[in-house]
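One structure follows; several queries about it will come next.
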Amino acid sequence: MNNFINKALGKIFLGLFSCSLLVACNNTDTSDNSKVLVRGNGSEAESLDPQLVRSESAGNIVRDLYEGLLTVTADGTLVAGVATSWFWNAQTQCHEFVLRDNAKWSNGDLVSAEDFRRGIEYALDAKNLSPYSQLLQDISKIQVDSPQDLKLCTKNKVPYFLELMVLPVSFPRHSKSTIKNPLSNGAFQLEYWSPQEKVVLQKNSYFHSADTVFFNTIEYITTENASSELKRFLAGELDITATVPPSDVGRLRESHAKQLKIAEVLNSYFYGFNMSSPPFKDNLNLRKALSLAVDRKILVENILGTGEVEAWSLVPPKMRSYHAPNIEYKNWTNQQRITEAKRLYKLAGYSELKPLEFELRYNTSPLHKKTAIALASMWKSVLGVKVELYNEEWKVFVQNRRNKKTQMFRSGWIADVNDASNYLELLSTNHPLNDYAYSNPRYDDLLQQAKEASGERLSILQAAEEQMLQDQAIIPLYYYVSKHMLNENIAGWEENLLDHHLSRYLSRK
């Protein structure tokens, strides 16, 4: 990643909360294995600092370690977290929260309104390079009236504001929490972190609902290779997998139907262009030609075949109250799209005698590899394009994206909140995660208008997405489904659109 990651990793990544830095660095007590939950977690977490996490693997752990003002049930319903009550004061434009009097940190200290102010201010401080600080930009004032009374005032009314209070970026920070002695306020606390192996959590006895938490120990296993992860699950080493290789889904439906969990989620899979340098900078025809040359139907039905839905826009179809803009070529036949792709490819300055050559990067995963090979083959077959594939370990991949050491790259987005703006803001000019170098003043203006609008807000967001798609800033490919293997002895697992499964709700039968 660019300066964002370089600085953030310099401060916290290599060894943050790692085994070598913890005072209490010992092996987990697994004398009662029924009380130990072992979860495959995909790529190595880049951080366990709630204001600095970026990946889903880090987010999974942090949601077990901390609790926000609000939280969610197993099915994703918004409920009280540290706050017991809240309301919107239209006169002052403030959300007013009353905190519970039994919320405690893992050292026994009470969680206070000041802790939440400290966390939010840390995220908003530009020098801390919080990747999701953009989500809190509408907060204009933080007011602590007492240890249990907090007011968060906003520039405009934010329809999804309460959902933001569930996200790690808005979690509290203890004033005495350090790398050597990290303090958390959730159902679990950090026991130790063995880099590139696992993160081990222990039940937090001070958690306000500790008596409802079944597991004493949670082990988050780094499982970057999905095929190896599946083997470990089938061998009985894991209770839950982070994902399932697409090529194995068919046989698992036959042999392990009860353990295979596939569900719709708010998640888009797409390819990004680096629009700051050749060959894709200032070449709309080329970007559109590549998008049109992809046969999404073959991709989702024949290559993947696990329930994915072909995508022609960024925002997923299950997004609340939102309808994607009309994309004309979505309804064309595949042959019509191929004909137009060839025409645009020629206009872009390329031909059989002068083929386009570029690099496509993706992070380690059977799914990403299979998708990249399929698209490279389509582009070769339809246009004669030569694609060099680069499979990179997650940290290297993210660094290269942020440093713009890319031409085209695998991308995707898992919704933070059930609102279209959460996807569209990603491509705004100044967004810290805009790895695409996409910038269009009209697009930015429409997003700002949507923030200030009321009734017409969704139509403005639709116009913004239409503009971005006309600019061919990305190549939408498909909408994900979540895929997990779940031990039949685990209870409490429920499907939800964000695919968040807090360990505090799980138990062993």
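Throughout, read-outs are computed from the coordinates displayed, never taken from laboratory work. Model, not experiment: these values are computed from the prediction. Here Cβ is always computed from backbone atoms with ideal geometry, including for glycine, and neighbour counts include all displayed protein chains.
What is the helix-to-structure angle for 457-470, meaning the angle in degrees between its Cα long axis and the longest Cα principal axis of the chain, kept from 0 to 90 and rounded to the nearest 10?
Roughly 40 degrees, rounded to the nearest 10.
May I ask you to evaluate 6.51 cos²θ - 1.76 cosθ + 1.60, the Karplus curve with θ = phi - 60°, for each residue of region 39-56 and list the ³J(HN,Hα) values in order in whole Hz, giving x for glycine and proline?
Going residue by residue, I get 10, x, 9, x, 5, 4, 5, 7, 6, 10, 7, x, 7, 10, 5, 10, 8, 5 Hz, with x marking Gly and Pro.
Divide by every residue of the chain the summed helix terms, -39500 (n - 2.57) for each DSSP H run of at least 4, and state the resulting mean residue ellipticity at 222 nm, rounded to the nearest 500 deg cm²/dmol.
-7500 deg cm²/dmol
Here is a follow-up. Count the net charge of all other residues whose Cβ sits under 15 Å from the Cβ of Lys483, scoring Lys and Arg as +1 and Asp and Glu as -1.
-1
How would you rank 430-438, 290-298, highest first, on the average number of other Cβ atoms within 10 Å across their residues?
Going from most to least packed, we get 290-298, 430-438.
Specify which residue in the list Tyr438, Ala464, Pro366 is farthest towards the positive end of the charge dipole of region 266-481, using unit charges on the beta carbon of Lys, Arg (+1) and Asp, Glu (-1), about the Cα centre.
Pro366
How much FRET efficiency would the formula 1/(1 + (r/R0)^6) give for Leu347 and Trp493, where r is the Cβ-Cβ distance and R0 is 51 Å, rounded to 0.05?
0.50
Cα gyration tensor of region 361-509, axes a ≥ b ≥ c as square roots of the eigenvalues: rounded (a/c below 1.5), prolate (a/b > b/c) or oblate?
oblate
Grab the other residues whose beta carbon is less than 9 angstrom from that of Pro325, score K and R as +1, D and E as -1, and report the net.
Spelling it out: positives minus negatives among the neighbours equals -2.
I've got another one for you. Counting Lys and Arg as +1 and Asp and Glu as -1, what is the net charge of the other residues whose Cβ lies under 15 Å from the Cβ of Ser140?
+2
Follow-up. Rounded to the nearest 20 Debye, what is the dipole magnitude of the chain about its Cα centre when Lys and Arg each give +1 and Asp and Glu each give -1 at the C-beta?
So the magnitude is around 1100 debye.
Let a ≥ b ≥ c be the square roots of the eigenvalues of the Cα gyration tensor of region 266-481; is it rounded (a/c under 1.5), or, if not, prolate (a/b larger than b/c) or oblate?
Verdict is rounded for region 266-481.
Let me ask something else about it. For region 266-325, rounded, prolate or oblate, judged on the Cα gyration tensor with a ≥ b ≥ c (square roots of eigenvalues), a/c < 1.5 rounded, else prolate if a/b > b/c?
In terms of gyration-tensor shape, oblate.
Between Ala126 and Ala210, what is 0.36 nm times their sequence separation minus the Cα-Cα distance? Round to one decimal in nm.
Going from the current span to full extension adds 26.7 nm.
Could you tell me the distance between the Cα centroids of region 67-146 and region 325-350, to the nearest Å?
48
In nm, what is the difference between 0.36 nm times the number of residues separating Val144 and Thr84 and their Cα-Cα distance?
The span from Val144 to Thr84 would gain 20.0 nm if fully extended.
Moving to a separate point now. What's the FRET efficiency of Ser255 with Tyr329 using the Cβ-Cβ distance as r and R₀ = 45 Å, to the nearest 0.05?
After rounding, the FRET efficiency stands at 0.65.
Still on this structure, I have one more. Return the label of the correct value of volume of the Cα convex hull per residue in Å³, as calculated from the structure shown, out of (1) 180; (2) 137; (3) 155.
Label (2) holds the value from this structure.
On to the next question. Express the relative contact order of region 266-481 as a whole percentage, based on alpha carbon pairs under 8 Å and six or more residues apart in sequence.
37
Between Val396 and Ser459, what is the FRET efficiency for a Förster distance of 51 Å, r being their Cβ-Cβ separation, to the nearest 0.05?
It comes out at approximately 0.80.
About the Cα centre of region 266-481, how large is the charge dipole given +1 on each Lys and Arg Cβ and -1 on each Asp and Glu Cβ? Please answer in debye to the nearest 20.
Roughly 600 debye for region 266-481.
Quote the charge dipole size of region 278-320 about the Cα centre in Debye, to the nearest 20; the model charges only the Cβ of Lys and Arg (+1) and of Asp and Glu (-1).
220
Taking the 0 to 90 degree range and rounding to the nearest ten, how far is the long axis of helix 366-383 tilted relative to the main principal axis of the chain, both from C-alpha atoms?
Taking the Cα atoms of the chain, the angle to 366-383 is about 20 degrees.
Sticking with the crude label model, points 7 Å out along Cα→Cβ, report the distance from Asp109 to Asn225 in nm, one decimal please.
Taking the simple label geometry, Asp109 and Asn225 are separated by 4.3 nm.
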